[in-house]
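One structure is given here, and the rest of the page talks about it.
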Amino acid sequence: MTTETLESDRRRAAAPRPPGRVDPVIAAAGLTPAAARVSRVFDILVVIAVVLLFTGAIHLHTMLLAGDWDMFTDWKDRQYWPLIMPVVLVMFPAALQAVFWTYFRLPIGATVAATCLMLGVAITRPVQFMVWTDYPLNLVLPAQMIASALVLDVILMVFRNALFTAIFGGFAFAFIFYPANYIIFAPYYVPVAHQGMIASVADMIGYVFPRSATPEYIRIIERGTLRTFGDSVSWVSALFSGFICIFMHYLWWKLGIVMSSMRFLPNNTKVMAMMGAKAPAAPVVAEPAATPEAAR
């Protein structure tokens, strides 16, 4: 396509339509121009409301299931954090992938979910901890899953299949999570000596800013026997998390399909009309032709 062709297309699109010509979309919808403008504004408001609602839902979901492993920097250990976080984070992206791919053929569901979560975290962490409790932001740095979500969407775009996306994409989502976040949290893993003890920088921040709970605040990090594998246990946790994410992704894909399907009771025609769906027309039964014997 040449530059002249592109310029001519732009001029043709910018040229005013003849007075008697109507937009085919408006004509098909049966709306006046004023009603069409109102409809577009309403669509924009609905999209904004859905984004905010989903942002709150995925943020609440992460806080309830991941909890302190996503909340505090000194909880982001090498054993439980790479194991628990991907399993929790893959649920909503899988459901959104199912919706976007099944109904729109758009491989962007996981990225949209990751962006919504980052939006919610960017609002809540400074307000909740820096404004209300005077905690430093480096104590409550959130993990990011945008890199894992991009890989998950690319795998869906390549395979175009829910099962293969769960097998390869779900595993890659979990396996990439730890190295994608390591560059952010590596400075907090640096060991320091404090009063004859060895602790990390994240531990030192946690010592200075204690957190309360009932009856006491108990930190659950790096407990277990994974040390028998030698070296770092992060890759062992990441591999096991990837195995769990395979099943979790496929389960939430199916859940997304079920929750996005519209079903009505057979006799619920009023609700169908409110939702914009047309009730099925009643079958027309042809009357039998009159016979001479019946006429008599």
Exercise. Which whole-number percent gives the relative contact order of the stretch 52-130, counting Cα pairs below 8 Å spaced six or more residues apart?
Worked result: 30 percent
Exercise. Which of Tyr188, Ala149, Phe104 sits farthest toward the positive end of the charge dipole of the stretch 84-216, with +1 on the Cβ of Lys and Arg and -1 on the Cβ of Asp and Glu?
Worked result: Phe104
Exercise. What is the packing order of peptides 193-202, 60-69, taking the mean over residues of other C-beta atoms within 10 Å and listing the highest first?
Worked result: 60-69, 193-202
For this session: First compute the accessible area of the stretch 105-164 with a 1.4 Å probe, then give the percent of it belonging to carbon and sulfur atoms.
Result: 75 percent
Problem set entry | Cβ-derived FRET efficiency at R0 51 Å, Thr32 paired with Phe209, nearest 0.05 | 0.25
For this session: Add +1 for every Lys or Arg and -1 for every Asp or Glu among the other residues with Cβ under 11 Å from the Cβ of His59, and state the total.
Result: 0
Exercise. What's the carbon and sulfur percent of the stretch 44-103's accessible surface, probe 1.4 angstrom, rounded to a whole number?
Worked result: 82 percent
Seminar exercise, completed: accessible surface per residue for the stretch 90-186, probe 1.4 Å, DNA/RNA/ligands not counted, whole Å² -> 44 Å²
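The values are calculated or read from the model by the stated rules, or taken from the named source; none is laboratory data. This structure is a prediction, so every number in the text was calculated from the model and none was measured. FYI the Cβ positions are ideal-geometry reconstructions off the backbone, even for glycines, and counts take in every protein chain you see. Note: areas computed on protein heavy atoms with side chains; ligands, DNA, RNA excluded. Shrake-Rupley method; radii C 1.70, N 1.55, O 1.52, S 1.80 Å.
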